[in-house]
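Notes follow once the structure below has been shown.
Laboratory data are not the source of any read-out in this text; all were calculated from the coordinates shown. Being a predicted model, the structure only gives us computed values, none of them experimental. Backbone-built Cβ (ideal geometry, glycine too); neighbour counts: all protein chains shown.
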């Protein structure tokens with residue numbers, strides 16, 4: 001086993017819509033609550049494989065954050 005720094009991500013996050021807004025169990029938006037990165041269940045769901053694509057959640061988090069910020073500043 002190699003002894004090296006590593007970073008793991010959350011998998012199986014909350015459900016959200018295309019605007020990253022978190023949804024209730026019935027599908028209604030929770031106003032003001034957004035999920036990005038591994039906490040957003042739309043990109044990898046419960047299947048994020050760090051052995052193959054380690055670090056891909058970091059890009060998803062940065063992109064999601066930028067897209068949410070654009071939405072908030074447009075409003």
message: Test of understanding: ordering 20, 73 by Cβ neighbours within 10 Å, fewest first, what list do you get?
response: 73, 20
- request: Could you work out how far apart the two model spin labels at residue 62 and residue 3 are, taking each label as a point 7 Å from the Cα in the direction of the beta carbon, and quote it in nm?
  value: 3.1
- line: Under the 7 Å Cα-to-Cβ spin-label approximation, residue 19 and residue 69 lie apart by a distance in nanometres of 2.0
